[in-house]
1. Which residue pairs have Cβ atoms closer than 6 Å, lie 6 or more positions apart in sequence or on different chains, and pair a first residue in the stretch 52-67 that is open to solvent by less than 20 Å² (accessible area, probe 1.4 Å) with a second residue that is basic (K, R)?
2. Within the stretch 164-187, which residues are surrounded by fewer than 17 Cβ atoms within 10 Å (Cβ to Cβ) and within 16 Å of A121 (Cβ to Cβ)?
3. Taking the stated definitions as given, is R25 under 18 Å from E75 (Cβ atoms), open to solvent by 70 Å² or more (accessible area, probe 1.4 Å) and either under 18 Å from the mean Cα position of the chain (by Cα) or hydrophobic (A, V, I, L, M, F, W, C) (or both)?
4. It is to be established whether one or more residues within the stretch 116-137 are assigned to a strand (DSSP E or B) and open to solvent by 20 Å² or more (accessible area, probe 1.4 Å).
5. Looking at E94, E88, E103, E72, can you tell me which residue is open to solvent by 30 Å² or more (accessible area, probe 1.4 Å) and either among the charged types (D, E, K, R) or within 18 Å of L8 (Cα to Cα) (or both)?
6. Name every residue in the stretch 106-115 that is surrounded by fewer than 17 Cβ atoms within 10 Å (Cβ to Cβ) and farther than 20 Å from G166 by Cα, in order of residue number.
7. Is it the case, given these coordinates, that L39 is modelled with pLDDT under 95, surrounded by 13 or more Cβ atoms within 10 Å (Cβ to Cβ) and hydrophobic (A, V, I, L, M, F, W, C)?
8. So is D100 over 22 Å from M176 (Cα atoms), in a loop (DSSP other than H, G, I, E, B) and among the acidic types (D, E) or not?
Amino acid sequence: AEAMLARLKAPKGWHECGTGAGIRRQNPHMHLFECATALYDATGEPRFKAIADECLDLFRTVFLQPDGSVFERFEPDWQPRVADQVVEPGHMTEWIFLIDAYEEVTRQDTGVDLARIFDTAWAARDGSGALPDHSVPRATTRRCWPQTELLKASIVLERRGHALPGGADPESILAMLRRDYLDVPVTGGWYDKRTTDGDLVSDMMPASTFYHILVAVRMFLEREEALAAEPPALRTQA
């Protein structure tokens with residue numbers, strides 16, 4: 001993996017393909033940040049933290065915008081693309097989960113205002129309370145995986161003591177996820193995509209979505225276990 005990354009290294013960040021041509025995107029760097037954080041957690045090797053730190057620096061200085069949104073597409077010099085710029089609320093909430101994990105692993109405060117990112121993503125919801133596939137340009141579809149990232153981000157912010165907007169509590173988000181995506185004829189299955197009006201677009205189950213569902217449900221169950229273990233007085237206050 002390190003040999004491949006070395007071949008893709010750019011002066012700032014990494015190229016997405018071996019030619020080094022084309023647009024630059026935040027998404028591969030988000031997953032590299034996730035991977036490097038996990039590698040550092042598993043090994044304690046500073047070189048993996050250095051990779052995560054470079055991705056985090058890109059997030060803070062390039063991807064994250066002043067209003068809390070996260071841009072997806074950039075020119076080779078990391079200037080934001082104008083004609084075909086995209087904002088995906090699902091990636092915004094995914095970054096919340098990943099930055100929280102980084103801070104847990106490194107015991108370092110990144111200084112990123114996670115609540116601001118959450119509020120901006122939350123404001124992009126459709127009438128059903130779900131995140132659209134992208135808010136810029138405005139999508140007419142909403143896949144399952146952004147809703148799982150919304151659930152994960154809600155759990156993170158609740159644990160960190162942030163006040164959540166009305167309806168943004170984990171129970172409400174999970175109820176929406178169950179209603180629109182997880183209540184399917186196949187046990188353990190899911191629906192992949194609906195329109196923002198609620199119509200089912202695809203009943204396929206892409207394997208890539210399984211990861212998102214698994215982690216989100218695991219986090220919710222761990223949260224339930226932690227709440228059940230609290231003294232009754234603390235549960236009442238919560």
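The values are calculated or read from the model by the stated rules, or taken from the named source; none is laboratory data. Computed from a predicted structure; not experimentally measured. Every residue, glycine as well, gets a Cβ built from its backbone with ideal geometry; the counts of neighbours run over all protein chains shown. With ligands, DNA and RNA removed, areas are computed over all heavy atoms of the protein, side chains included. Shrake-Rupley method; radii C 1.70, N 1.55, O 1.52, S 1.80 Å.
1. Sorted first by the residue in the stretch 52-67, then by its partner, the list stays empty.
2. Here is the first cut: in the stretch 164-187, the ones surrounded by fewer than 17 Cβ atoms within 10 Å (Cβ to Cβ) are 165-167, 169, 171-172, 175, 178-179, 183-187.
Passing the criteria: P165, G166, G167, D169, S172.
3. Numbers: under 18 Å from E75 (Cβ atoms): yes; open to solvent by 70 Å² or more (accessible area, probe 1.4 Å): yes; either under 18 Å from the mean Cα position of the chain (by Cα) or hydrophobic (A, V, I, L, M, F, W, C) (or both): yes.
When the stated conditions are applied, R25 passes them.
4. Here is the first cut: in the stretch 116-137, the ones assigned to a strand (DSSP E or B) are 136.
Right, trim to open to solvent by 20 Å² or more (accessible area, probe 1.4 Å) and you get 136.
Yes, because at least one residue in the stretch 116-137 is assigned to a strand (DSSP E or B) and open to solvent by 20 Å² or more (accessible area, probe 1.4 Å).
5. Values: E94 fails: open to solvent by 30 Å² or more (accessible area, probe 1.4 Å); E103 fails: open to solvent by 30 Å² or more (accessible area, probe 1.4 Å); E72 fails: open to solvent by 30 Å² or more (accessible area, probe 1.4 Å).
Testing whether each residue is open to solvent by 30 Å² or more (accessible area, probe 1.4 Å) and either among the charged types (D, E, K, R) or within 18 Å of L8 (Cα to Cα) (or both) leaves just E88.
6. Answer for the stretch 106-115, where residues must be surrounded by fewer than 17 Cβ atoms within 10 Å (Cβ to Cβ) and farther than 20 Å from G166 by Cα: T106, R107, Q108, D109, T110, G111.
7. Numbers: modelled with pLDDT under 95: no; surrounded by 13 or more Cβ atoms within 10 Å (Cβ to Cβ): yes; hydrophobic (A, V, I, L, M, F, W, C): yes.
No, not satisfied.
8. Numbers: over 22 Å from M176 (Cα atoms): yes; in a loop (DSSP other than H, G, I, E, B): no; among the acidic types (D, E): yes.
Spelling it out, it is not the case that D100 is over 22 Å from M176 (Cα atoms), in a loop (DSSP other than H, G, I, E, B) and among the acidic types (D, E).
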